Each structure stands twice: as C-alpha cells, then as structure tokens.
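First up is the structure itself, then whatever we jot down about it.
A short reminder: the numbers here are calculations on the coordinates, not readings from a lab. Note that the structure is predicted; figures quoted are calculated from it, not measured. Here the Cβ positions follow ideal geometry from the backbone for every residue, glycine too, while neighbour counts run over all protein chains shown.
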Amino acid sequence: MDRRKWWTRFLSSLVGASMIVAIASARLSPSEGTVSFQAAGPAGMSIAGKTSEYQVQDDGQTITLTVQLAKMETGIALRDRHMKDRYLEVQKNPEASLSVVRSALTFPALGASAAGDAPAQLTLHGKTNPVLVHYTIKQASAGSFQVKGTSHLNINDFGIETPNYYGIKVKPEVDFAADLVVLDR
C-alpha cells in the first residue's frame, strides 16, 4: 500500500454549522468514528454535537469529507431542530464539506505517527472559506489508521447567524473535531 495515499477529512461539525476533519487514502475507507463540534456561551454554557455519518471522496489529488448536516445531533431535539432549520438551513444547504490537498499532509510509516497543520477549504451554508486543520495520523497496524483532526472557525464567516435563544447567545467561534479509524480496502 502506498502510504502517501490518504484522505483527510475533517469536518469538524458545526453548531448551527456542523462540520469535521479527518484523513484517509484513495484505498482507505472509514471503519468507525465520529465528527463533532463544541460551542460555548455565557455562564459556562456548552453545546456539543456529533454524528457518525459521513462520506469521503478521494480523487488522487484532493480528499473531501462530506457530512449530512441533518444527521448532526446535540442530544436535545428542540435545539437540533433550531440548529438545522433556522441556522444551518439544511433544506437549502444539506451538506458541509472539507477538502484538503493530499500533498499538504505528512504520512507515517507502520507503527509511527505524523502530525501537522494543513490548509483546507470548508464549504458550509453555501459559502466556501479557507480553514486550517490540525491532524494526527497513527498507523497502528498494517491497513489500520487512527486519524484525528481539529479546527476552529467563526460561523459568521459562513453567513450563519449566531444562535440566540431567549436572549442567550452562543459564541460564533466553534471547535470541530473528527476521530476516525480507517481501513485499507
């Protein structure tokens, strides 16, 4: 297997914008994992959302992670409905995608780990902006890779209104993460 063939997906999930990050190869497929987001508000308010439903496309040059935003959940049905209907507008923008150029990644040998920062393009809420993804990849065994990625973004940069419920406003800065296991096909 050519260790240089990976996929990076991150999407970091999104509060009012769910997204992810991750890494993989053209010959790798997701085995298990989650994409998540973390948002904060006043007085220690914390909102976390996640999904384990995502797709990866690898054309040999660019790796793209796509998350169906309707599958993102925070654990509170009413908050999920507001996030998806009002802020993410999933009817108009059902997906978020993160694209990373393969050459921006460092790939580890068997038993080793690699880490770095890679520039990526995040498409969310119909807008595409550059983001920086921090990733780690560990090849734990032949054909099995542990991939983690994180990113930080401001949802207002994607035209997403800052969530507000009865005067309590969530901060527009959101952290996204992906924690995946990928297998050689």
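Answer with yes or no whether Ile160 is surrounded by 15 or more Cβ atoms within 10 Å (Cβ to Cβ), farther than 22 Å from Gln55 by Cα and not polar (S, T, N, Q).
Considered against the rule, which asks whether it is surrounded by 15 or more Cβ atoms within 10 Å (Cβ to Cβ), farther than 22 Å from Gln55 by Cα and not polar (S, T, N, Q), Ile160 comes out as yes.
Can Ala120 be described as touching a strand residue (DSSP E or B) at 6+ places or on another chain (Cβ under 8 Å) and either of a type outside the set (Gly, Ala, Ser) or over 21 Å from Ala48 (Cβ atoms) (or both)?
yes
Being buried (at least 19 other Cβ atoms within 10 Å of the Cβ) and basic (Lys, Arg) is the filter; apply it to the range 77-127 and report the residue that is nearest to Gly149 (Cα to Cα).
Arg102
Scan the range 128-149 and give yes if some residue there is in contact with a helix residue (DSSP H, G or I) (Cβ under 8 Å, 6 or more places away or on another chain), touching a residue at least 12 places away in the same chain (Cβ under 8 Å) and crowded, with 23+ Cβ neighbours inside 10 Å, otherwise no.
No, the range 128-149 contains no residue that is in contact with a helix residue (DSSP H, G or I) (Cβ under 8 Å, 6 or more places away or on another chain), touching a residue at least 12 places away in the same chain (Cβ under 8 Å) and crowded, with 23+ Cβ neighbours inside 10 Å.
Of the residues Thr150, Thr136, Thr162, Thr128, only one is on the phi < 0 side of the Ramachandran plot, of a type outside the set (D, E, K, R) and assigned to a loop (DSSP other than H, G, I, E, B); which?
Thr162
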